[in-house]
Amino acid sequence: VTAIRELARRYGTPAYVYQLDEAAAAAEALIAQLPQPSSLYFSLKANPHPEVAATLRETGCGAEISSTGELAAALDAGFPAERCLVTGPGKADDETREALQAGVRLFSVESVHQLCQLDRLARATGTWPEVLLRLNFDGAARAGLRMTGRPSQFGFAATELAGVANHLRELRQIRVCGVHTFAATNVADEDALIDVLSASIGAARQVRDALRIELRHVDLGGGFAAPHGRPGKRQLYPALRARLTERLDQELPGWRHGDPAVSFESGRYLTATCGTLVCSLLDVKESCGRTFAVADAGVNHLGGLAATGRVLRSQLRPLMAAELDDDPVDVDLVGPLCTPVDLLSTAMPLSAPRPGSLVELPNVGAYGLTASLVGFLSRPLPVEVCLRGDRVTSSTRLQLRRITSERQGA
Ligand SMILES: Cc1ncc(COP(=O)(O)O)c(C=O)c1O
């Protein structure tokens, strides 16, 4: 509490505070729960902050990136291009070309268009990238946010793979070296997660047999859960390693010698618990029998994805940063924006809330600032063009730029 008070006094609020040691500890904990040998990609979409990303690089992670902004963040954080994997259902020519020119050679491909695009750009840049086919397979996820086994923008369904095989024969500059799955996110139930990842292993083997592709790399994705905006510790999956090892031995026996190499991906597990958002209350007021605490941070700084219904607001459980004995009052914690959508949390017990009180929102190191709607995936903002009649009077683009005001020794 004292440290938070001191940071708030020194840097002001709202402030995201990241404990780098916790990010490193989370990576070590996750690696220890995964079958070995395997590698782990850090998904920069969860938190592209250069120091957070560099901390995870130091633990041995590669970088899973989905935009030019994330490529720049990964390179800034010191990830070598050959440790980057490009994923995502929407890849612009420019983004793919930049990744190739930067030396990235591994791409997850989600459609025939993306296969042809990568082949064309590889020829144009004189590069020889490798491809993981992203699969949209059945049989996964009873929990979490499911991303497979139903119509979606993600990957190839089993019925589409025969068509893909025909295309592969014509594409000369790219080589399919394996498959990529990412079936669900935030799967807290261990059995459900094991089912999801086991189904991914089975799907990889089936696709290898059906398409007769080389299977040198199987990226099983992830789904490792983490608390968000409420107190809580890192999830533990005590049976995961043994049960996935068994399944890998059955389906892909060469995996123990790297044939295929197995990898996983995680954003939220690696970064959620390292981050806290500290904000100040600007006002506390009664309205028709309810108490509203108005904070200086709102859905523009946290929970942008909540606006799309992805995060349950009622899950946010702020902690009072002040040490006060008073009985807690149930408040609706709102931000300063002029919209009723700017609601962080309902009926949250806060002790003696008053203007100037500090409030901590714990475990928001993943999908915090970066998941504000314009910040997500570090994609460029749209251009704004003004016209008078048919004359363009201006074209401008708002910049989101990280400015380092102070860097201190380790
Ligand atoms: C392909 C892919 N990889 C990794 C992630 C990161 O997920 P999480 O932060 O839940 O680990 C996502 C999230 O949607 C994803 O779509």
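Beta carbons within 10 angstrom, averaged per residue: use that to sort the peptides 189-197, 376-384, 42-50, 60-68, highest first.
Working: 189-197: 21.2, 376-384: 14.1, 42-50: 26.1, 60-68: 23.6.
Order by mean packing, descending: 42-50, 60-68, 189-197, 376-384.
Once phi is turned into θ = phi - 60°, what whole-Hz ³J(HN,Hα) does the Karplus curve with 6.51, -1.76 and 1.60 give for every residue of region 255-268, x standing for Gly and Pro?
Residue by residue, region 255-268 yields 4, 5, 10, x, 10, x, 6, 10, 9, 10, 9, 7, x, 5 Hz.
What translational diffusion coefficient, to the nearest whole µm²/s, does region 177-283 have by Stokes-Einstein, given a Kirkwood radius computed over alpha-carbon pairs, a temperature of 37 °C and 0.692 mPa s viscosity?
Working: Rh = 15.3 Å.
Estimated via Stokes-Einstein, D reaches 214 µm²/s.
So with the 1.4 Å probe, I'd like the accessible area per residue for the chain, rounded to whole Å². It would help to have the intermediate numbers written out before the result.
Values: 19130 Å² over 410 residues.
Here the per-residue accessible area is 47 Å².
Mind pulling the angle between the C-alpha long axis of helix 2-11 and the longest principal axis of the chain? Nearest 10 degrees, somewhere in 0 to 90.
Tilt of helix 2-11: around 90 degrees.
Using the Karplus equation 6.51 cos²θ - 1.76 cosθ + 1.60 (θ = phi - 60°), what ³J(HN,Hα) coupling, rounded to whole Hz, does each residue of region 381-396 give in order, writing x for Gly and Pro?
Per residue, the Karplus-derived 3J(HN,Hα) values read 6, x, 6, 10, 10, 10, 10, 10, x, 9, 9, 7, 8, 6, 9, 9 Hz.
First obtain the Kirkwood hydrodynamic radius of the chain from its Cα pairs, then insert it into the Stokes-Einstein equation at 4 °C and 1.567 mPa s, and state the resulting D in µm² per second as a whole number.
On the way: Rh = 22.7 Å.
The estimated diffusion coefficient comes to 57 µm²/s.
Just to check I understand the Karplus step: with θ = phi - 60° and J = 6.51 cos²θ - 1.76 cosθ + 1.60, what whole-Hz values come out for region 184-195, glycine and proline as x?
So the J values, rounded to whole Hz, are 6, 10, 6, 8, 7, 7, 4, 4, 5, 5, 5, 4.
At a 1.4 Å probe, what is the % contribution of carbon and sulfur to the accessible area of the chain?
Values: 9730 of 19130 Å².
For the chain, the apolar C and S fraction of the accessible surface comes to 51 percent.
Out of all DSSP beta bridges in the chain, what portion is antiparallel? Express it as a percent rounded to 5.
Numbers: 29 of 63 bridges.
Roughly 45 percent of the beta bridges in the chain run antiparallel, per DSSP.
Name the long-range amide H neighbours of E265: under 5 Å, sequence gap of 5 or more, or other chain; modelled H, no Pro or chain starts.
Amide H neighbours of E265: Y41, G221, G222.
Taking a cut-off of 17 Å, what percent of all Cα-Cα pairs in region 97-232 are separated by more than that?
Numbers: 5491 of 9180 pairs.
Counting every Cα pair in region 97-232, those more than 17 Å apart make up 60 percent.
Which lysines does K91 reach when only Cα atoms under 24 Å apart count, and residues fewer than 8 places away in its own chain are ignored?
K45
Hand me the trypsin sites (Lys or Arg not before Pro) from region 320-410 located in a DSSP loop with no more than 12 other Cβ atoms within 10 Å, in residue order please.
Details: sites: R388, R391, R397, R401, R402, R407; in loops: R397, R401, R402, R407.
Answer by residue number: R397, R401, R402, R407.
Going by amide H atoms built from the backbone, whose H comes under 5 Å of the H on S351, apart from near neighbours?
HN-HN under 5 Å from S351: M320, V329.
Going 7 Å from the Cα of R397 along its beta-carbon direction, which residues of region 67-91 have the amide nitrogen within less than 17 Å of the resulting point?
Within reach of a label on R397: 67-73, 91.
Quick query: amide H of L85 versus all other amide H atoms, modeled in the peptide plane; which residues come in under 5 Å with a sequence gap of 5 or more or a different chain?
Placed amide hydrogens put A63, E64, I65 under 5 Å from L85.
Out of region 157-188, which trypsin sites (Lys or Arg not before Pro) are coil in DSSP terms and have no more than 13 other C-beta atoms within 10 Å?
Values: sites: R169, R172, R175; in loops: R172.
Filter output for region 157-188: R172.
The values are calculated or read from the model by the stated rules, or taken from the named source; none is laboratory data. Only a predicted model underlies this, so the values are computations on that prediction, with no experimental measurement involved. For neighbour counting, all protein chains shown are included, and Cβ atoms are generated from backbone atoms with ideal geometry for every residue, glycine included. Protein only, heavy atoms only, side chains kept; ligands, DNA and RNA dropped before computing areas. Shrake-Rupley method; radii C 1.70, N 1.55, O 1.52, S 1.80 Å.
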